Amino acid sequence: MKKYFLMGLFFFSLVSCQREIDKYYEIPDWLKGNAYEVMEDRGNFSIFMKAVDRSSYASLVKGKGIVTVMAPTDDAFSAYLTKHNYGSVEDISQTELDKLIGYHLIYYSYTKQNFMFYNPNGIDAELENPGTYFKFRTKSRDAISTVKDYANGGVIRKIMHKDRFIPVISNYSLSGWSSSPKDEYEKMFPGSTYGGGTNNFNISNAGIVGDEIVTDNGYLYVVDQVLEPLETLYTEMSHEGSEYTKFAAMYDRFVKYEYDEDATADYGNGDSLFVHSHYSLPSIACEWTNLSEYSIPDYAQLNYLSSISFTVLAPDNAAIDEFYRKYWANSFSSLEEVNYVPLYYFMSAHAGEYRGKMMTSTALSAIINMNDLYDGVTIAEPDYVKVCTNGILGGMKGNVITPEPFESPMAPALCNKDYNIFALIAHRGGLISKIQSINETQFNIFFPSDDMLKRTEYNGDFIQYLKGNPYIINDEQIQVANAEDGTLGNLNTTQAQEIAGAHVMDNVLSTRNGGTEIIYGSYNDFEYLYRVNDEIYSSATWNSKALGNEVSVPTAKLIKDYGEFGASYALEGDNTTVALLPEQANFKDRVMQDKNMNDYKGINVYLNASNVGKGDNAFSFIQGNRFIIFIPTNEAVMADMTTGPKRFPVTGSMDQRNMYVTSLFIDVSSSGLVDYPFPVTGKRTEKVLTTFGTKTVNGKKESITVTLINEADGSMKLRDAKGNEVNVTSYFPYIYADGAAYVIDGVLDLLN
């Protein structure tokens, strides 16, 4: 009985609550009716009402849903019909009419305050910058279209078009770009008059007449022009008669059609629906401006949809042709042959996304000014500006933005198809964009050909290039061996930096003999290239040649000298020449194996006389630290042992011998070195270096140190604590993955 009483009480309460809700939403007596009835009552909207009646939205306007209606007057609609050569609304096709009328119907109901201070984060969220969220969703949508998807065998894809968004334009949404919002607006919408401010707004090409009008299914605004549906950036560039069709075609080299699960479920009627998108670039063919990481448009991302503008600065067809002739024609037979990396850097300089206030002509000019133009032409602003549903188009007649890498030592990677693999590796490692952002560094870049790279071993296996689907521009992979287990895998960022960085020199550390011998510092830390005349040695080829191996050493041929920015060189050789990868072996592993190498005979005498390099604990004192070892020549070692002064404790204890060998190793970090030392001319300097060896002084353990002297003539010497000096005879030291080996012509007193 108690249970039935509680159930009755629950249903009574539910009915009571429903009555209270009904009272809350009860239509006040002062409302004039739905939007259609309000227009009918006020008059002067007869043409628009007739168009609404013919459209698919009549029931919505007549009260079947909440909507904000932008109602053009009869004069405004008559002007529209005349402009587009229509005798009456009956002459407009059903598809076009739905598109047009839908653009006057905005989802939900908005007061003037709601429009101007819109915040998709909720009414309680703080809005720091009014005008940031300036786009609103309308009912206007293009019909489903079809395209051929060549990447998937030419299958026909049905493309789902999203509802258009419409911009609400006021002083708030235009702030920050210009002192004159009126001028900005009227450049973007020729023939329209700006009536916005801090208390009023324009909506797309139309002005608002008066205040909002309350209806029982939303709000109604009177507008002084018919709202002409804005198209996507892609549509504006690619339509017949456009001056920007070549840029649009280049953009479509990045095309992808992505399955839209939600659209298929809601609108597919048994067919799969797709979104027209693009790899690596803003999705300018889609009506919605979702954050670029999310390829499938999602209305839940209202923050982005209402605030992001795609920006395209499109060179006209003539400018594209000229850029092709200047940078690509010598290597690529057509624009369609240009590879992913060069095309990406060109396109991304002209297309981007901006989140915040509405982009304007002045804003586009600022984007142009942030890019270096190397064609000698200064572009104050675009020649043509068109507001689109997903952004703003700036047309550049006869001009392009020349991305900085195209006029830098990195240019051959972007202009010569023979360096496609290097371009992919440099791009994957981020070197192209990083070099672009470093303005005060002189780069010397040595370019290996594709064939040269494919002959090169990395982690014990050859670098491999895989080309996938020819219709997917970025379907290319570089595969290399993994250092841990040797298995092949796709190149990662770190590996790409290692390979590409080994060919990018950001410093000339030393020169001698009239510049015929040069030591270059690599983009990668503690890596170097040696130049002897025109021959270019990596640490690997230099070490291998010292062992007496036959090595095909590449020569460097100047491609172009870029003056203060550096120079680019082509690596040339025979069909056995490989790229300039550094020595991947450790000195600790190689020194005893390479004991017959002339420069290593002396150190092997010491290693055989000590336990430093033997057993499981070989060289354990180094503990993974980077080091320099100064190696006496075999002649110096033998002379010291036989005729004296016997500075190596050959007759001393094993501990003494171990400590002497340990003291030949310099701790790079403890010595404060950011590079290995190389000779420079013009100034004498001294640098105290900390070895891994120790000695006891007055009962305290101290590090053994030596002093490296760089003489003004460019020679180097090493001095021990007793003042004994020896010459450093290695101009080109042996560089390994773990350290560097320098040859000295004498034996130092390290233990006293």
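The values are calculated or read from the model by the stated rules, or taken from the named source; none is laboratory data. Owing to the predicted nature of the structure, the values given are computational and were not obtained by experimental measurement. Because the Cβ atoms are built from the backbone with ideal geometry, glycine has one as well, and the counts that use them run over all protein chains shown.
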- Query: Here are some conditions: (1) at pLDDT 95 or above; (2) over 21 Å from Lys246 (Cα atoms); (3) not in a helix (DSSP H, G or I). Ile425 meets all but one. Which one does it not meet?
  - Reply: (3)
- Note on the structure: Within region 386-434, residues out of contact with any Ser or Thr (no Cβ under 6 Å at 6 or more places or on another chain), of a type in the set (Lys, Arg), assigned by TED's automatic domain parsing to the domain that holds Asp506 and in contact (Cβ under 8 Å) with a residue 40 or more places away in the chain come out as Arg428
- For Glu126, state whether it is surrounded by fewer than 19 Cβ atoms within 10 Å (Cβ to Cβ) and farther than 16 Å from Leu230 by Cβ. yes
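How many of the residues in region 564-581 are surrounded by 14 or more Cβ atoms within 10 Å (Cβ to Cβ) and either without any contact (Cβ under 8 Å) to a residue 40 or more places away in the chain or not in a loop (DSSP other than H, G, I, E, B) (or both)? Before the answer, list the steps.
Restricting attention to region 564-581, the residues satisfying the condition of being surrounded by 14 or more Cβ atoms within 10 Å (Cβ to Cβ) are 565-573, 577-581.
Of the ones still in play, those that are also either without any contact (Cβ under 8 Å) to a residue 40 or more places away in the chain or not in a loop (DSSP other than H, G, I, E, B) (or both) are 565-572.
Summing the residues that are surrounded by 14 or more Cβ atoms within 10 Å (Cβ to Cβ) and either without any contact (Cβ under 8 Å) to a residue 40 or more places away in the chain or not in a loop (DSSP other than H, G, I, E, B) (or both) in region 564-581 gives 8.
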- Query: Does Thr111 satisfy the condition of being assigned by TED's automatic domain parsing to the domain that holds Ser55 and more than 29 Å from the chain's Cα centre (by Cα)?
  - Reply: yes
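Quick one: in region 76-94, of everything that is of a type in the set (Ser, Thr, Tyr) and farther than 16 Å from Met49 by Cβ, which residue is surrounded by the most Cβ atoms within 10 Å (Cβ to Cβ)? Break it down into steps so the answer makes sense when it comes.
Applying the first criterion (of a type in the set (Ser, Thr, Tyr)) to region 76-94 yields 78, 80, 82, 86, 88, 93.
This time we only want the ones that are farther than 16 Å from Met49 by Cβ, so: 82, 86, 93.
Numbers: Thr82: 10, Tyr86: 15, Ser93: 8.
Applying the filter and picking the extreme gives Tyr86.
Is it true that Val697 is assigned by TED's automatic domain parsing to the domain that holds Tyr734 and free of Cβ contacts under 8 Å to residues at least 40 places away in the same chain? Let's see the steps before the verdict.
Working: assigned by TED's automatic domain parsing to the domain that holds Tyr734: yes; free of Cβ contacts under 8 Å to residues at least 40 places away in the same chain: yes.
When the stated conditions are applied, Val697 passes them.
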- Task: Answer yes or no: is there a residue in region 115-123 that is polar (S, T, N, Q), in a helix (DSSP H, G or I) and either over 16 Å from Leu305 (Cβ atoms) or in contact (Cβ under 8 Å) with a residue 24 or more places away in the chain (or both).
- Result: no
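Taking strands (runs of 3 or more DSSP E) that fall entirely within region 130-245, which contain at least 1 residues that are more than 24 Å from Tyr354 (Cα to Cα)? Don't jump to the end; show me each part of the working.
On the way: elements: 135-137, 145-149, 155-159, 165-169, 206-215, 218-223.
Where strands (runs of 3 or more DSSP E) fall fully within region 130-245 and carry at least 1 residues being more than 24 Å from Tyr354 (Cα to Cα), they are 145-149, 155-159, 206-215, 218-223.
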- Task: Would you mind listing the helices (runs of 4 or more DSSP H) fully within region 582-661 where at least 1 residues are more than 49 Å from the chain's Cα centre (by Cα), on the phi < 0 side of the Ramachandran plot and in contact (Cβ under 8 Å) with a residue 40 or more places away in the chain?
- Result: 601-608, 634-642
- Query: When residues of region 730-744 are filtered for being closer than 14 Å to Ile603 by Cβ and touching a strand residue (DSSP E or B) at 6+ places or on another chain (Cβ under 8 Å), how many remain?
  - Reply: 9
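If a residue counts only when it is more than 29 Å from the chain's Cα centre (by Cα), which helices (runs of 4 or more DSSP H) contained entirely in region 450-563 have at least 2 such residues?
Values: elements: 450-454, 493-501, 539-546.
Helices (runs of 4 or more DSSP H) meeting the threshold: 539-546.
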- Return yes or no: is Leu453 surrounded by fewer than 15 Cβ atoms within 10 Å (Cβ to Cβ), outside the structural domain of Lys256 (by TED's automatic domain parsing), closer than 21 Å to Tyr340 by Cα and of a type in the set (A, V, I, L, M)? no
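Check region 129-137 and report whether any residue there is more than 16 Å from Ser307 (Cβ to Cβ) and basic (Lys, Arg).
So the first thing to find is which residues in region 129-137 are more than 16 Å from Ser307 (Cβ to Cβ), and the list is none.
No, region 129-137 contains no residue that is more than 16 Å from Ser307 (Cβ to Cβ) and basic (Lys, Arg).
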- Select from region 169-198 the residues that are in contact with a Gly (Cβ under 8 Å, 6 or more places away or on another chain) and hydrophobic (A, V, I, L, M, F, W, C) and write down the one among them that is farthest from Asp224 (Cα to Cα). Leu174
- So how many residues does region 439-449 have that are touching a residue at least 12 places away in the same chain (Cβ under 8 Å) and not in a strand (DSSP E or B)? 4
- Single unsatisfied condition, Val668 versus (1) touching a strand residue (DSSP E or B) at 6+ places or on another chain (Cβ under 9 Å); (2) more than 21 Å from Asn724 (Cα to Cα); (3) modelled with pLDDT under 95: (3)
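For (1) under 19 Å from Gly739 (Cα atoms); (2) assigned by TED's automatic domain parsing to the domain that holds Tyr419; (3) touching a Leu at 6+ places or on another chain (Cβ under 8 Å), each residue gets a yes or a no:
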site	(1), (2), (3)
Gln479	no, yes, yes
Asn482	no, yes, yes
Thr494	no, yes, no
Val504	no, yes, yes
Glu527	yes, yes, no
- Task: Restrict the check to region 551-559 and report whether at least one residue is loosely packed, with under 15 Cβ neighbours inside 10 Å and either touching a residue at least 40 places away in the same chain (Cβ under 8 Å) or acidic (Asp, Glu) (or both).
- Result: no
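Every residue in region 666-707 that is among the hydrophobic types (A, V, I, L, M, F, W, C) and within 24 Å of Gly515 (Cα to Cα), please. Talk me through it step by step, then tell me what you get.
Going through region 666-707, the residues among the hydrophobic types (A, V, I, L, M, F, W, C) turn out to be 666, 668, 673-674, 678, 680, 688-689, 692, 697, 704, 706.
Scanning region 666-707 gives Phe678, Val680.
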